[in-house]
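Novice: To start, I am sharing the structure in question, which I have written as structure tokens.
The values are calculated or read from the model by the stated rules, or taken from the named source; none is laboratory data. Model, not experiment: these values are computed from the prediction. Note that we place each Cβ from the backbone using ideal geometry, even for glycine, and neighbour counts take in every protein chain shown.
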Amino acid sequence: MLRGALRFGLGPGLLGRGLGTHRGGSTLGEAEGSGGCRGSGVSPVSSHVTFRTRGPGPRWEDSGSLGAGDWDGKVSEIKKKIQSILPGGAWSPLCDTSHLPPEHSDVVIVGGGVVGLSVAFWLKRLEKQQGAIRVLVVERDHTYSQASTVLSVGGIRQQFSLPENIQLSLFSVEFLRNINEYLAVVDDPPLDLQFNPSGYLFLASEEGATIMENNVKVQRQEGAKVCLMSPEQLQKKFPWINTEGVALASYGLENEGWFDPWCLLQGLRRKVQSMGVLFCHGEVTRFVSSSNHMETASGEKVTLKRIHEVHVKVDHSQEYQPVECAIVVNAAGAWSGRIAELAGIGKGPPGTLQGTKLPVEPRKRYVYLWHCPQGPGLEAPLVADPSGAYFRREGLGDNYLGGCSPSEEEEPDPGNLEVDHDFFQEKVWPHLAWRVPAFETLKVRRAWAGYYDYNTFDQNGVVGPHPLVVNMYFATGFSGHGLQQAPAVGRAVAEVMLEGRFQTINLSPFLFSRFYLGEKAQERCII
Ligand SMILES: Cc1cc2nc3c(=O)[nH]c(=O)nc-3n(C[C@H](O)[C@H](O)[C@H](O)COP(=O)(O)OP(=O)(O)OC[C@H]3O[C@@H](n4cnc5c(N)ncnc54)[C@H](O)[C@@H]3O)c2cc1C
């Protein structure tokens, strides 16, 4: 019964939420709407959300009619006066609370990377009435030093095996092409994404050729422009490639390339701030929720949970600030498994929905940058070798970047972001030099490591609500393709939150329930 209900998904024309038989999802001690969470209006029947149109503002806005600048001026004036009266001039009697998050927010987004910001953007863009939804983004590291977004290699491609992934990338490329319409901010200069149009070239061995043919069929059905090439055609077009061991190649003819991830991140940030989204530098450390124990018609026991408060530990402090909220979005990238655990997800008997974890974990990936004046020229695509090694040009100065995902047995310790230089020597360079003999003479100049938000179940995104923690929504687990999917995923998550179902791209195969049901949405084209 429970499995049957979960299979419905959230596609257009389908009921919003699989667990539609349960009323309430409310608290044990509090009636919904009468306590706990001011402004929350999440209906567990449809997962449709109605937000309050007005509510108490964040602390730093509760200051009468003064503008932010006036207020700061007044505070420092008063501070100075008090300081001059009191002994001990260095002591500050007034506590500045402007770094704290607000006490209430309709939506709290955990993680201010490109995915979290995209969700914030689409929530504001799709809200029915301007200012109706109060959105708070909590980001613990304002330098983004470990965020996958800024450590990625910035690629976008249409060559995936799943229709949903192709559709996501097709929309994202349209978004990137029109970025200055989507993300324009009055009086701010236009964004320069530094988009470098260039096809991806996937190479397949005899073993992988049939899969490649099938993938290309799907890609074309979805509207992507991709061609198949024989080894002879390949040799003719890219004479610097050694085609030995290559049975077939697929080459993207448009809508593929790479761009500057930092620029997209900053553009989204600038835009959502202009739309009224609030930011807080702090770490989400705890959720306060209530439970409702229920039984399905077939006698299965389930516990529905609702988060009422998010605890945010503010930067450089042991204090935390509780934020009351209606919805939490888990967009914490490689750390989203931890955020799910904090909400109690996966803490139940094995084999049950309650005991099903979010299978997303950080996986360390190295990127090496090398110089090679004899290397392929400007027409070089991003090449993905059957061995897993990949490379592309970087800029105009005979530089290239690339790497290779390690095998399961070789997965490095994700405890830090140190680079293993031997990995390049032993596992990457031999494949590169075999495929492109000119790379025999390359010289590595630089390297870095970043985390994939790796979904160990099927290497695909997790999008939409949790079936039991009724007001936690996921936007995570993209396993190496989250940057390019962010614009479309943000829209999908906002649609489900606002309308109760996916409206433009049906991402039901990416719902959390697939982990419990054992239904993989396996993506075969992973780099
Ligand atoms: C080497 C490498 C190459 C890649 N190449 C590509 C590519 O070519 N194309 C592509 O599409 N994708 C690529 N990716 C994947 C892509 O970068 C990610 O899928 C995407 O950036 C995920 O975005 P995000 O916003 O979910 O995560 P992030 O950018 O990691 O943002 C998550 C944020 O959550 C914050 N956070 C975590 N926990 C908490 C907490 N408790 N409280 C507050 N904040 C918290 C973190 O500080 C972080 O800033 C690559 C990734 C790597 C590592």
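For every residue, the table says whether it meets (1) touching a residue at least 12 places away in the same chain (Cβ under 8 Å); (2) closer than 16 Å to Asn460 by Cα; (3) of a type in the set (Phe, Trp, Tyr); (4) surrounded by fewer than 18 Cβ atoms within 10 Å (Cβ to Cβ).
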{"residue": "Leu123", "(1), (2), (3), (4)": "yes, no, no, no"}
{"residue": "Leu126", "(1), (2), (3), (4)": "yes, no, no, yes"}
{"residue": "Gln129", "(1), (2), (3), (4)": "yes, no, no, yes"}
{"residue": "Thr143", "(1), (2), (3), (4)": "no, no, no, yes"}
{"residue": "Ala147", "(1), (2), (3), (4)": "yes, no, no, no"}
{"residue": "Val153", "(1), (2), (3), (4)": "yes, no, no, no"}
{"residue": "Ser161", "(1), (2), (3), (4)": "yes, yes, no, no"}
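Novice: For residues that are of a type in the set (A, V, I, L, M, F, W, C) and more than 10 Å from the ligand (Cβ to nearest atom), scanning just the range 479-494, find the one that is farthest from Leu123 (Cα to Cα).
Specialist: Of the range 479-494, the ones of a type in the set (A, V, I, L, M, F, W, C) are 483, 486, 488-489, 492-494.
Then drop every residue that is not more than 10 Å from the ligand (Cβ to nearest atom), which leaves 488, 492-494.
On the way: Ala488: 12, Ala492: 10, Val493: 9, Ala494: 5 Å.
For the range 479-494, the residue satisfying everything is Ala488.
Novice: Counting only residues that are among the charged types (D, E, K, R) and within 16 Å of the ligand (Cβ to nearest atom), which one in the range 221-269 is farthest from Leu201 (Cα to Cα)?
Specialist: Arg269
Novice: Kindly indicate whether any position in the range 203-225 is assigned to a strand (DSSP E or B) and touching a Phe, Trp or Tyr at 6+ places or on another chain (Cβ under 8 Å). Working first, answer last.
Specialist: Let us first name the residues in the range 203-225 that are assigned to a strand (DSSP E or B), namely 203-204.
Adding the requirement that they be touching a Phe, Trp or Tyr at 6+ places or on another chain (Cβ under 8 Å) leaves none.
Within the range 203-225, not a single residue is assigned to a strand (DSSP E or B) and touching a Phe, Trp or Tyr at 6+ places or on another chain (Cβ under 8 Å).
Novice: Which pairs turn up if I take residues in the range 440-469 that are without any contact (Cβ under 8 Å) to a residue 24 or more places away in the chain and look for partners that are away from the ligand (no atom under 11 Å from the Cβ) and not in a strand (DSSP E or B) with beta carbon separation below 6 Å, at least 6 apart in sequence or on another chain?
Specialist: Glu440/Ala433
Residues are listed down the side, and each one gets a yes or a no for (1) over 15 Å from the mean Cα position of the chain (by Cα); (2) within 14 Å of the ligand (Cβ to nearest atom):
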| site | (1), (2) |
| --- | --- |
| Ile156 | no, yes |
| Ile166 | yes, yes |
| Glu174 | yes, no |
| Leu183 | yes, no |
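Novice: Let me ask something else. Which members of the range 461-478 meet the condition of being under 16 Å from Ile166 (Cβ atoms) and either within 11 Å of the ligand (Cβ to nearest atom) or out of contact with any Phe, Trp or Tyr (no Cβ under 6 Å at 6 or more places or on another chain) (or both)?
Specialist: Passing the criteria: Gly461, Phe478.
Novice: Is it fair to say Glu426 is within 27 Å of the chain's Cα centre (by Cα), farther than 25 Å from Lys357 by Cα, more than 11 Å from the ligand (Cβ to nearest atom) and surrounded by fewer than 17 Cβ atoms within 10 Å (Cβ to Cβ)?
Specialist: Here the answer is no, as Glu426 does not meet what is asked.
Novice: Residues Val310, Val272: which one is within 16 Å of the ligand (Cβ to nearest atom), among the hydrophobic types (A, V, I, L, M, F, W, C), modelled with pLDDT of 95 or more and in a strand (DSSP E or B)?
Specialist: One residue alone meets the criteria, Val310.
Novice: Residues Val110, Val135: which one is closer than 13 Å to Phe279 by Cβ and either of a type in the set (Phe, Trp, Tyr) or more than 9 Å from the ligand (Cβ to nearest atom) (or both)? Full working, then the answer.
Specialist: Details: Val110 fails: either of a type in the set (Phe, Trp, Tyr) or more than 9 Å from the ligand (Cβ to nearest atom) (or both).
When all the criteria are applied, what remains is Val135.
Novice: Another question, if that's okay. Could you run through the range 413-439 and say how many residues are closer than 13 Å to Asp385 by Cβ, in contact (Cβ under 8 Å) with a residue 60 or more places away in the chain, in a helix (DSSP H, G or I) and among the aliphatic types (A, V, I, L, M)?
Specialist: The number of residues fulfilling the criteria is 1.
Conditions tested, residue by residue: (1) within 28 Å of Gly415 (Cβ to Cβ); (2) at pLDDT below 95; (3) under 10 Å from the mean Cα position of the chain (by Cα).
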{"residue": "Arg435", "(1), (2), (3)": "no, no, no"}
{"residue": "Glu440", "(1), (2), (3)": "no, no, no"}
{"residue": "Arg446", "(1), (2), (3)": "yes, no, no"}
{"residue": "Phe457", "(1), (2), (3)": "yes, no, no"}
{"residue": "Val463", "(1), (2), (3)": "no, no, yes"}
{"residue": "Asn471", "(1), (2), (3)": "no, no, no"}
{"residue": "Phe474", "(1), (2), (3)": "yes, no, yes"}
{"residue": "Gly477", "(1), (2), (3)": "yes, no, yes"}
{"residue": "Gln485", "(1), (2), (3)": "yes, no, yes"}
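Novice: Would a scan of the range 189-208 turn up a residue that is free of Cβ contacts under 8 Å to residues at least 60 places away in the same chain, closer than 26 Å to Ala438 by Cβ and not aromatic (Phe, Trp, Tyr)?
Specialist: yes
Novice: Something else about it: Specify the residue that is farthest from the ligand (Cβ to nearest atom); the eligible residues are those in the range 317-339 that are without any contact (Cβ under 8 Å) to a residue 40 or more places away in the chain and closer than 19 Å to Ala147 by Cα.
Specialist: Gly337
Novice: Let me ask something else about it. For Gly111, only one of the following conditions fails: (1) modelled with pLDDT under 95; (2) at positive phi. What is its number?
Specialist: (1)
Here is a yes/no grid of residues against (1) aromatic (Phe, Trp, Tyr); (2) more than 19 Å from Trp240 (Cα to Cα); (3) surrounded by fewer than 17 Cβ atoms within 10 Å (Cβ to Cβ):
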| residue | (1), (2), (3) |
| --- | --- |
| Glu324 | no, yes, no |
| Thr356 | no, yes, no |
| Tyr366 | yes, yes, no |
| Cys372 | no, no, no |
| Leu382 | no, no, no |
| Ser405 | no, yes, no |
| Glu409 | no, yes, yes |
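Novice: Looking at Gln194, is it touching a helix residue (DSSP H, G or I) at 6+ places or on another chain (Cβ under 9 Å) and surrounded by fewer than 15 Cβ atoms within 10 Å (Cβ to Cβ)?
Specialist: So Gln194 fits the description; yes.
Novice: Regarding Ser105, is this residue part of a strand (DSSP E or B), at pLDDT 95 or above and buried (at least 24 other Cβ atoms within 10 Å of the Cβ)?
Specialist: Considered against the rule, which asks whether it is part of a strand (DSSP E or B), at pLDDT 95 or above and buried (at least 24 other Cβ atoms within 10 Å of the Cβ), Ser105 comes out as yes.
Novice: Okay, next question. Going through Leu342, Leu304 one at a time, which residue ends up being closer than 17 Å to Phe512 by Cα, more than 16 Å from the ligand (Cβ to nearest atom) and among the hydrophobic types (A, V, I, L, M, F, W, C)?
Specialist: Answer to the check: Leu304.
Novice: Could you tell me whether Ala447 is among the small types (Gly, Ala, Ser) and surrounded by fewer than 20 Cβ atoms within 10 Å (Cβ to Cβ)? So that I can check it myself, show each step before the final result.
Specialist: Numbers: among the small types (Gly, Ala, Ser): yes; surrounded by fewer than 20 Cβ atoms within 10 Å (Cβ to Cβ): yes.
When the stated conditions are applied, Ala447 passes them.
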